[in-house]
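Take a look at the structure set out below.
The values are calculated or read from the model by the stated rules, or taken from the named source; none is laboratory data. Values in this document were obtained by computation on a predicted structure and should not be read as measured data. As a convention, Cβ positions derive from the backbone with ideal geometry for all residues, glycine included, and neighbour counts pool all protein chains shown.
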Amino acid sequence: MQTLTYNQLDEQRGVSSATVTAPADGVSDWVLGPCGAYPLTIAVHPGAGGTAMCRITTSRIEEIVAGSALWQPWGLGAVATDTIDALQSPVVALHLAATGAAASMDIVAGD
């Protein structure tokens, strides 16, 4: 599990962010969703020749840890090129699924 790390931009602003990677044909660590900091900006970066998909869950943390969480694909499905989208509703956690090549995902929430 990862959490978003807060980064102070100036005296009045900051952002919380995390980056995860998924191996080819695998999934990343899950990232705990922030409380109240929405929308989230999600940038998915599939590797050359592969696809990647952000998946989200509203399952309880205990279900995630036990491996029984229900993971849903984000609205854009699997993407083959660098793609950015915004998630408007709270989620418990997010992770990245990669097919064919390793991939990475950046998650950013403002305050």
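Determine if the stretch 25-47 includes at least one residue that is at pLDDT 95 or above, over 21 Å from Tyr6 (Cα atoms), hydrophobic (A, V, I, L, M, F, W, C) and in a loop (DSSP other than H, G, I, E, B). Within the stretch 25-47, none of the residues are at pLDDT 95 or above, over 21 Å from Tyr6 (Cα atoms), hydrophobic (A, V, I, L, M, F, W, C) and in a loop (DSSP other than H, G, I, E, B). Among the residues of the stretch 80-94, what is the count of those that are assigned to a loop (DSSP other than H, G, I, E, B) and either surrounded by 11 or more Cβ atoms within 10 Å (Cβ to Cβ) or not small (Gly, Ala, Ser) (or both)? Result for the stretch 80-94: 7. Between Met1, Met53, the distinction of being in contact with an Asp or Glu (Cβ under 9 Å, 6 or more places away or on another chain) and among the aliphatic types (A, V, I, L, M) belongs to Met1 only. Residue count for the stretch 54-73 satisfying the condition of being touching a Ser or Thr at 6+ places or on another chain (Cβ under 8 Å) and of a type in the set (A, V, I, L, M): 3. Of all the numbered requirements in (1) among the aromatic types (Phe, Trp, Tyr); (2) touching a residue at least 40 places away in the same chain (Cβ under 8 Å); (3) within 11 Å of Leu94 (Cα to Cα), Tyr38 misses one, and that requirement is (3).
Applying the condition of being modelled with pLDDT under 95 and of a type outside the set (Val, Ile, Thr) to the stretch 95-111 and asking which residue is surrounded by the most Cβ atoms within 10 Å (Cβ to Cβ) yields Ala109. Looking at the stretch 48-79 only, could you name the residues that are buried (at least 16 other Cβ atoms within 10 Å of the Cβ), outside any helix (DSSP H, G or I) and either within 10 Å of the chain's Cα centre (by Cα) or not hydroxyl-bearing (Ser, Thr, Tyr) (or both)? Those that are buried (at least 16 other Cβ atoms within 10 Å of the Cβ), outside any helix (DSSP H, G or I) and either within 10 Å of the chain's Cα centre (by Cα) or not hydroxyl-bearing (Ser, Thr, Tyr) (or both): Gly50, Ala52, Met53, Cys54, Arg55, Ile56, Ala69, Trp71, Trp74, Ala78, Val79. Out of everything in the stretch 1-24 that is part of a loop (DSSP other than H, G, I, E, B) and touching a residue at least 12 places away in the same chain (Cβ under 8 Å), what residue ends up being farthest from Thr99 (Cα to Cα)? Among them, the one singled out is Arg13.
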